[in-house]
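Rule-based calculations on the coordinates, nothing more; no lab input. Everything quoted here is computed from the prediction, not taken from an experiment. Backbone-built Cβ (ideal geometry, glycine too); neighbour counts: all protein chains shown.
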């Protein structure tokens with residue numbers, strides 16, 4: 001096993017596609033929650049392999065997309081200060097704030113660095129004890145254990161010139177919000193495999209039962225995604241609604257207990273604002289009191305949130321699976337990856353950016 | 001963002017349990033990876049890696065299940 005090539009095998013892809021065609025009777029809307037899956041679906045043209053009666057809806061699972069613009073403005077303000085080294089995953093650097101992005105801060109002399117891991121940022125803090133090193137701790141449950149470990153080690157080793165600007169969000173509350181929306185059209189979910197590798201899928205079992213909606217934990221390669229869709233359609237056609245695990249090679253029901261323990265050590269659950277959607281109760285993480293000294297909002301001032309400003313952009317309804325990118329008059333015209341108007345165009349994993357990259361001329 | 005890539009552990013340095021680190025090969029490209037969350041993984045095991053951390057050990061028998069299931073649907077066409 002190489003764990004990649006096998007899951008891109010064209011023969012296997014066609015076999016699953018044929019099976020989906022064979023069993024599909026009704027019209028179904030299947031939502032992939034994760035932006036990585038949205039990207040893969042567009043890249044591999046997976047919708048072309050499905051019956052016309054199956055529609056893929058693209059969910060809110062792109063943490064870069066849903067990070068509120070107020071937090072990005074805060075990041076930019078911190079990064080522009082002298083004596084600060086601002087570290088971030090590469091995806092965040094080009095996301096526009098109200099005035100400019102983090103790369104523009106770097107271009108005008110700010111010390112903005114792209115890191116691969118939060119531990120890289122911690123190492124920079126260790127090496128530069130006279131400078132403040134701030135890490136932009138964004139992400140879903142997949143990234144939370146890595147970010148938590150950096151904070152835990154900072155405290156453990158007494159690295160006091162390190163802090164994190166936290167924008168951690170959680171998937172299960174977002175799924176419940178989507179299912180509670182009166183205009184929801186979602187028949188079934190592909191649950192995000194890497195989030196589930198951490199949290200497991202127990203949290204989804206009550207959601208599947210309560211809303212009578214199939215949820216299939218799914219990986220990221222074409223064979224994974226098509227298998228996930230096949231499991232959803234099998235359930236929908238037979239009237240079942242349970243959680244199934246397509247991505248069992250990486251996901252266990254209980255998740256990763258060691259990673260969850262570290263998350264619980266460092267974070268507490270809190271309300272969070274999602275760009276394009278608004279505040280969702282208990283949908284994110286914040287540093288617990290024990291680690292509050294490492295909170296950049298404590299060191300550099302708290303972020304103040306305002307209401308979403310109404311624009312022509314319909315990213316909020318796209319994130320909720322109510323509309324598609326091409327329903328927006330701005331898509332590809334006044335809104336492009338170079339000049340994004342909203343959440344779903346700001347990152348390559350957003351639905352609008354994925355459509356723009358792979359399906360603009362379809 | 002939640003991209004995670006499978007790689008094979010080639011060596012482990014576990015002097016410090018919090019900093020349990022290892023070298024992981026991604027098709028020949030070797031990177032240092034934190035293995036604190038996969039205490040059960042050893043040299044030769046495959047792990048799925050995100051932001052410098054191994055999220056979980058990959059299970060080969062589970063990995064093959066997808067293809068066994070495909071066999072049940074109908075035999076894959078031979079080359």
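Give the angle, between 0 and 90 degrees and rounded to the nearest 10, that separates the Cα long axis of helix A:69-79 from the longest principal axis of the Cα atoms of chain A.
Rounded to the nearest ten degrees, it is 30.
Taking each residue in A:9-16, count the Cβ atoms of any other chain within 10 Å of its Cβ, then average. What number comes out?
For this peptide, the per-residue mean of nearby foreign Cβ atoms is 3.
Dividing the convex hull volume of the alpha carbon atoms of chain A by its residue count, what do you get in Å³ per residue?
Per residue, the Cα convex hull of chain A comes to 140 Å³.
Given labels modelled 7 Å from the Cα in the Cβ direction, how far is it in nm from residue B:30 to residue A:240?
About 4.6 nm separates the two model spin labels.
Using the alpha-carbon centroid of each, what span in Å lies between the range B:20-45 and the range A:303-354?
38 Å
What's the extension gain from residue A:185 to residue A:282 if we count 0.36 nm per residue and subtract their Cα-Cα distance?
Length gained between residue A:185 and residue A:282: 32.5 nm.
Could you work out the mean projected area of the convex hull around the alpha carbons of the range B:5-73, in square nanometres to one decimal?
Mean projected area for the range B:5-73: 5.0 nm², to one decimal.
Would you order A:134, A:216 from fewest to most other beta-carbon atoms within 10 Å of each residue's own beta-carbon?
The fewest-first ordering by Cβ neighbours comes to A:134, A:216.
For peptide B:39-49, compute the average count of partner chain beta-carbon atoms within 10 Å of each residue's beta-carbon.
Across the residues of B:39-49, the mean count of other-chain Cβ atoms within 10 Å is 2.
Rank these for me by crowding, A:231, A:212, A:39, A:14, going from fewest to most other beta carbons within 10 Å.
So the residues, fewest neighbours to most, are A:212, A:14, A:231, A:39.
Helix-only estimate, please: 222 nm mean residue ellipticity of chain B, summing -39500 (n - 2.57) across DSSP H runs of length 4 or more and dividing by its residues, to the nearest 500.
Rounded to the nearest 500, it is -5500 deg cm²/dmol.
Report, in degrees rounded to the nearest 10, the 0 to 90 angle that the Cα long axis of helix B:60-73 makes with the longest principal axis of chain B.
Roughly 20 degrees between the two axes.
What share of the DSSP beta bridges in the protein assembly as shown is antiparallel, in percent to the nearest 5?
Antiparallel bridges: around 45 percent, rounded to the nearest 5.
Using alpha carbons only, how many angstrom separate the centre of the range A:158-214 from the centre of the range A:55-126?
Result: 23 Å between the Cα centres.
Can you give the calculated 222 nm mean residue ellipticity of chain A, where each DSSP H run of n ≥ 4 adds -39,500 (n - 2.57) and the sum is split over every residue, rounded to the nearest 500 deg cm²/dmol?
Computed mean residue ellipticity for chain A: -11000 deg cm²/dmol.
Mind pulling the angle between the C-alpha long axis of helix A:171-180 and the longest principal axis of chain A? Nearest 10 degrees, somewhere in 0 to 90.
Computed tilt is about 50 degrees.
Listing A:282, A:126 from the residue with the fewest other Cβ atoms within 10 Å to the one with the most, what is the order?
A:282, A:126
Other chains' Cβ within 10 Å of B:57-65 residues: what's the mean?
Mean partner-chain Cβ count within 10 Å for B:57-65: 5.
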